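Beneath this line is the structure, given in structure tokens, with notes to follow.
The numbers here are math on the coordinates, done by the rules we state, and not lab data. Keep in mind it's a predicted model, so treat the numbers as computed, not measured. Cβ sites come from the backbone with ideal geometry, for glycine too, and all protein chains shown count toward neighbours.
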Amino acid sequence: MAAFLLDSLEKTKVVNPVAKRLVDSYDAVFADLDGVVYEGGKAIEHAIESLATLQDEGVQLGYVTNNSSRKPETIADQIAGYGIAVAPAQVVSSGQTGVELLKTLVPTGSKVLVVGGEGLRTYTQAGGFELVEDSTAKPDAVIQGFSPDVSWKHLSEAAYSIQNGAKWVTTNQDWTIPQERGIAPGNGTLVSAVHTAVGQLPLVAGKPEVAIFETAKNRFDSKRPLFVGDRIDTDILGANRAGIDSVLVLTGISQAKELLATKEDSHPTFVIADLRELLTPYVEPKKTKFGYSLRSAEVELLGNKVRVVSGEPKSLDVLRCACAVIWNSGTPIHALDVEASIYE
């Protein structure tokens with residue numbers, strides 16, 4: 001479906017040089033990385049050139065990621081390798097926010113067991129904590145983040161430490177990570193394993209919690225940022241909780257079916273096919289007698305049936321209209337008969 005939406009965008013561009021572009025009402029753009037800028041080691045189509053245009057125009061760009069396994073320098077180098085200049089300070093990692101949370105729980109200089117990658121170890125050490133290797137060192141806290149090298153041994157040492165009274169912080173609880181070959185298990189699966197052993201939940205630094213958004217706003221001194229993400233359960237929910245306008249881009253995890261079924265607290269402010277649409281005016285669907293219309297697309301609610309009246313069912317315009325119909329219907333989606341062609 002995402003591929004069709006990209007083609008649809010080409011056909012439905014708004015040509016109006018006077019109208020404001022989507023991005024023009026904001027003083028910064030914060031973008032998630034996995035599923036927005038890149039997928040594994042591959043840049044997502046149209047992402048780099050769109051971000052480069054914004055940066056050339058002087059728009060502040062921040063990269064806000066739940067992935068704490070790598071250092072900001074490493075992430076900046078990867079993005080720069082695709083053809084856009086990026087400074088490490090532009091990368092806001094949940095690992096950095098996680099260390100900020102650690103400082104509210106244990107004194108600087110405390111022993112901390114790190115379960116995660118090089119990035120998280122670097123953040124923790126730079127925060128003034130003493131790194132220990134296992135539970136026998138009696139750590140005061142555990143900080144957990146994703147790394148492909150995390151094993152049963154690491155999770156077990158974390159569980160032993162927490163059972164002995166160590167405070168527990170995790171960088172994120174993302175269940176999945178988009179990779180070039182498909183969707184892989186994320187840090188949430190590893191956190192769940194420890195949770196099963198210890199019977200308690202960690203303090204979470206990353207999206208959808210507000211802390212990482214506050215870190216980003218403070219770093220860029222931004223009063224009105226726009227957040228771009230590909231996940232409804234972390235990016236969009238988190239931005240909404242933080243009072244930040246949100247953009248769901250359909251190049252990553254969340255797609256039409258999940259979008260249509262979102263609860264009010266997870267509705268994105270905007271829905272786009274790819275990052276080119278940040279540089280064009282955003283057109284909202286208009287209310288009609290029985291539904292909503294947008295350009296040649298129209299979707300109606302008749303009784304409990306959500307039906308496409310006109311337009312290509314898998315187009316972005318139809319999807320936006322269908323969202324407006326369902327979200328404003330006052331009826332839970334499970335009680336509606338939604339035309340399957342919209343989301344299949």
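Check Gly206: other-chain or 5+ apart residues with amide H under 5 Å from its amide H, H built from backbone geometry?
Under 5 Å from the amide H of Gly206: Asn172.
Restricting attention to the range 69-116, which trypsin sites (Lys or Arg not before Pro) occupy a DSSP loop and are surrounded by at most 14 other Cβ atoms within 10 Å?
Within the range 69-116, no trypsin sites (Lys or Arg not before Pro) qualify (loop, at most 14 other Cβ atoms within 10 Å).
Which loop trypsin sites (Lys or Arg not before Pro) in the range 256-335, with loop taken from DSSP, have no more than 12 other Cβ atoms within 10 angstrom of their Cβ?
Those satisfying the criteria are Lys263, Lys289.
State, as an integer percentage, the relative contact order of the range 286-342 based on alpha-carbon contacts under 8 Å between residues 6 or more apart.
33
Divide by every residue of the chain the summed helix terms, -39500 (n - 2.57) for each DSSP H run of at least 4, and state the resulting mean residue ellipticity at 222 nm, rounded to the nearest 500 deg cm²/dmol.
The per-residue figure over the chain is -9000 deg cm²/dmol.
For the range 31-148, what is the percent of antiparallel DSSP beta bridges, rounded to the nearest 5?
Approximately 15 percent, going by the DSSP bridge assignments.
Pick the calculated Cα extents along the principal axes in Å for this structure from (1) 67, 46, 36; (2) 58, 42, 39; (3) 74, 52, 40?
Read-out from the structure maps to (1).
Give me log10 I(q)/I(0) at q = 0.26 Å⁻¹ for the range 286-342, Debye formula, one equal scatterer per alpha-carbon, no solvent.
-1.00
Kindly write out, for the range 322-336 in residue order, the coupling ³J(HN,Hα) from the Karplus curve 6.51 cos²θ - 1.76 cosθ + 1.60 (θ = phi - 60°), rounded to whole Hz, with x marking Gly and Pro.
In residue order, the calculated couplings are 5, 4, 4, 4, 5, 5, 9, 6, x, 10, x, 4, 5, 9, 9 Hz.
Which residues' amide hydrogens lie under 5 Å from the amide hydrogen of Trp168, considering only partners 5 or more residues apart or on another chain, with H built in the peptide plane?
Val142, Leu203
May I ask you to evaluate 6.51 cos²θ - 1.76 cosθ + 1.60, the Karplus curve with θ = phi - 60°, for each residue of the range 248-260 and list the ³J(HN,Hα) values in order in whole Hz, giving x for glycine and proline?
Once rounded to whole Hz, the list reads 9, 9, 8, 10, x, 6, 7, 10, 4, 4, 5, 4, 4.
For Tyr38, list long-range residues whose amide hydrogen, built 1.01 Å from N in the peptide plane, is under 5 Å from its own amide hydrogen.
Placed amide hydrogens put Ile44 under 5 Å from Tyr38.
Tabulate in residue order the Karplus-calculated ³J(HN,Hα) for the range 210-218, using 6.51 cos²θ - 1.76 cosθ + 1.60 with θ = phi - 60°, rounded to whole Hz; enter x for Gly and Pro.
The phi angles translate into 6, 3, 5, 5, 5, 4, 5, 4, 5 Hz.
Take the residue pairs Lys20/Lys314; Lys42/Lys71; Lys20/Lys263; Lys138/Lys167; Lys20/Lys257; Lys257/Lys314 and return only those whose Cα atoms are more than 22 Å apart.
Pairs exceeding 22 Å: Lys20/Lys314; Lys20/Lys263; Lys20/Lys257.
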